[in-house]
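**Q** Here it is, the structure, as structure tokens.
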């Protein structure tokens, strides 16, 4: 997938100062391999980190930069790194990259891994140094065949240059990095389910505490970060904290840039690196080009299927966690979906909840039984055979499967769009309720 170039706002040239993740991308969409990556200042931040900075200095810069997780949760990266116990010099420590990008309508990590594999590798080398970890794994969605091929080729190039392995660049730093492809389970996006799968176990989330920072893969200290998160690290180390905290738009509480996008029946679907704080209206109109001729915007989701629906009037919101939070949902992955006027919301929700019910690990009762129940009710409403109480039952399920009610965040994410759809489009759900025979004959 290539970055799109249609629309007036897209004509602004990408530069290292404004687009740290994507300025090196080729216009033809081919991957940037070692020679080109190094010619474009690649691995210079890694050399700086390994040759001139102590692990705590790297971690401090990332913390001061305010880098937050880009997988959807938005937890401060530096704080997460700080949860790792002190290195005793004996116990192995691990860095895991969560590349299990299975959130529907999300493909930002895929673009980075396919077209810029060395950026992720450089970010992991620097991050591993900060964590004093000597082994790393990229846990990759199994369906990402091209990404796996490109990452493995890039790893071979990095090993040939001495950037992966023992005594990197004569610094005494050791780091081995491997690609591990999963079997295609959405739940592996939850970090402890990912760890279980990496160990060869069933992909169920683990009870916390203990947290992975203390007891992670094979019972050892482990840090799990997202692809886009780790890909931000080289620019922070290379360009400094002051630069990084100055990229976002005024009003944004989040720093740096974010891979954002729009899909659906828009004129120019795609993904772009944009500063936090840009409005959803700019993203929708200037980059995605607005709706195709003959369609109007009915609703939109700001960041994947697990985020709530918003209305066209909410496009004025700024694209950062707090900005989207002000209009009632989460930013999630930042890859938005435009819902057009031809879409029936009951049918759309039935399709979504079927996915979430199928991908439940089945570990806890509310998720295992509640999501299939929502699917059953939505199917009845879709056929026009719903009962008058079905809508209230669905709202009860939204409450029972909400945050803090289940073992992990899978079910709360699954029911958030359901609750918002009923809130904004209740008439469409009511239309699915069967008319009693007595009322029909009256």
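Computed from the coordinates by the stated procedures, all read-outs in this text should not be read as laboratory data. Because the structure is predicted, anything quoted here is derived from the model rather than measured. Every residue, glycine among them, receives a Cβ derived from its backbone with ideal geometry; neighbour counts consider all protein chains shown.
**Q** Within segment 143-174, list the residues whose amide N lies under 20 Å from a label point set 7 Å along Cα→Cβ of residue 38.
**A** Only 150-174 pass the distance filter.
**Q** Separate question: Efficiency by 1/(1 + (r/R0)^6): what FRET value for residue 245 and residue 354, r their Cβ-Cβ distance, R0 = 60 Å, to the nearest 0.05?
**A** 0.90
**Q** Here's another thing I want to ask about it. In deg cm²/dmol and to the nearest 500, what is the mean residue ellipticity at 222 nm of the chain if only DSSP H runs of at least 4 residues count, each as -39500 (n - 2.57), divided by the residue total?
**A** Using -39500 (n - 2.57) per qualifying helix, the result is -11500 deg cm²/dmol.
**Q** Ok, one more. List 398, 227 from most exposed to least, where exposure is judged by having the fewest other Cβ atoms within 10 Å.
**A** Neighbour counts put them in this order, fewest first: 398, 227.
**Q** For the chain, find the longest principal axis of its Cα atoms and tell me its angle to the long axis of helix 145-160, 0 to 90°, nearest 10.
**A** The two axes meet at around 10 degrees.
**Q** Assuming 0.36 nm per residue, please report the length gained on full extension of the stretch residue 91 to residue 176 beyond their Cα-Cα distance.
**A** That pair, residue 91 and residue 176, stretches by 29.0 nm at full extension.
**Q** Rounded to whole Å, give me the distance from the Cα center of segment 46-92 to that of segment 262-341.
**A** Value for the Cα centre distance between the two parts: 31 Å.
**Q** So what's the angle, to the nearest 10 degrees on a 0 to 90 scale, between helix 117-131 and the longest Cα principal axis of the chain?
**A** With rounding to tens, the tilt is 70 degrees.
**Q** What do you get for the angle between helix 410-424 and the principal long axis of the chain? Use alpha-carbon atoms, 0 to 90 degrees, nearest ten.
**A** Relative to the chain, helix 410-424 is tipped by roughly 40 degrees.
**Q** Please report Rg over Rh for segment 345-430, where both radii come from the alpha carbon positions and Rh follows the Kirkwood definition.
**A** Rounded to two decimals, Rg/Rh equals 0.94.
**Q** Can I ask one more? Once you order the gyration tensor axes a ≥ b ≥ c over the Cα atoms, which shape class does segment 242-351 get: rounded for a/c under 1.5, otherwise prolate or oblate by comparing a/b with b/c?
**A** It comes out prolate by the Cα gyration axes.
**Q** Relative contact order (percent) for the chain, with alpha-carbon contacts under 8 angstrom and 6 or more residues of separation?
**A** Here the relative contact order equals 16 percent.
**Q** Then there is this: Can you give the FRET efficiency for residue 161 and residue 385, using 1/(1 + (r/R0)^6), R0 = 60 Å, r = Cβ-Cβ distance, to the nearest 0.05?
**A** 0.40
**Q** Continuing with this model, one more query. Roughly what would the spin-label model give for residue 73 and residue 376, points 7 Å off Cα along C-beta, in nm?
**A** In this crude label model, residue 73 to residue 376 measures out at 3.2 nm.
**Q** Let me make sure I get this right: for segment 56-103, a, b and c are the square roots of the gyration tensor eigenvalues over alpha carbons, sorted descending. Under 1.5 in a/c it's rounded, otherwise prolate if a/b > b/c, else oblate. Which is it?
**A** Judged from the Cα gyration tensor, segment 56-103 comes out oblate (a/c at least 1.5, b/c at or above a/b).
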